[in-house]
Amino acid sequence: MDTDDGTDGTRWLTADEQKAWRVHLDVNRLLMYQLERDLQPFGLTMNDYEILVNLSESDEHRMRMSDLAASTLQSKSRLSHQITRMEKAGLVRRENCESDKRGLFAVLTEDGWETMRGVAPHHVDSVRRHFIDRMAPEDVEHLRETLLPVAEKLRAERGRF
């Protein structure tokens, strides 16, 4: 399709841009599907794993629910439902925030920490097999350099939505 058909000012994607965009979409969907499948034997979803990672990397293995929602790009209500499921599995617990009576923390439990430690090597292996090891090291670096400004711009704009 032409980049501009002259009628409405739309900057249509060129053929090469369209191909790049669609490959990106395919890789993203297929990779997330495969990573999700590889977490299933552990009883986890990608959302569960992302929450466990965030909590495991935070001070005292805890985060305010609002910060965790922002970090995982989930609505507060969706995260609340997710945390409820993870509480039932014994992976996390909620704690009141002493400085803000309305605030809550999500806290990684000992079982959650052990689950994270047990699953992480398998997840990293999955990421390597399905993504990293399919590229040359210089391509991995180029991909990071290419996508970093896009991610930074989207992160900066996220607060405006």
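The values are calculated or read from the model by the stated rules, or taken from the named source; none is laboratory data. None of these values were measured; they are calculated from a predicted model. Here Cβ is always computed from backbone atoms with ideal geometry, including for glycine, and neighbour counts include all displayed protein chains. For the accessible areas, the whole protein counts, side chains as well, though only heavy atoms, and no ligand, DNA or RNA atoms are used. Shrake-Rupley method; radii C 1.70, N 1.55, O 1.52, S 1.80 Å.
Take the alpha-carbon centre of the stretch 63-103, take the same for the stretch 129-161, and report the distance between them in whole Å.
Cα centroid of the stretch 63-103 versus Cα centroid of the stretch 129-161: 27 Å apart.
Within 10 Å, count the other beta carbons around each residue, average over each peptide in 147-155, 119-127, and list them highest first.
The packing order, highest mean first, is 119-127, 147-155.
Of (i) -0.71, -0.98, -1.23, -1.42; (ii) -0.49, -0.77, -1.11, -1.50; (iii) -0.67, -0.91, -1.14, -1.34, which is the value of log10 I(q)/I(0) by the Debye sum over Cα atoms at q = 0.12, 0.15, 0.18, 0.21 Å⁻¹ derived from the coordinates here?
Computed from the coordinates, log10 I(q)/I(0) by the Debye sum over Cα atoms at q = 0.12, 0.15, 0.18, 0.21 Å⁻¹ corresponds to (i).
Show me 24-32, 81-89 ranked by packing, highest mean number of other Cβ atoms within 10 Å first.
Descending packing order for the listed peptides: 81-89, 24-32.
Per DSSP helix of 4 or more residues, -39500 (n - 2.57); summed, then divided by the residues of the chain. What does that give at 222 nm, rounded to the nearest 500?
Calculated mean residue ellipticity at 222 nm is -20500 deg cm²/dmol.
Write down the accessible area per residue of the chain in Å², having rolled a 1.4 Å probe over the full set of protein chains.
For the chain, the solvent-accessible area averages 71 Å² per residue.
Restricting attention to the stretch 1-74, which GluC sites (Glu not before Pro) occupy a DSSP loop and are surrounded by at most 16 other Cβ atoms within 10 Å?
For GluC sites (Glu not before Pro) across the stretch 1-74 that sit outside H, G, I, E and B with at most 16 neighbouring Cβ atoms in 10 Å, the list reads E57.
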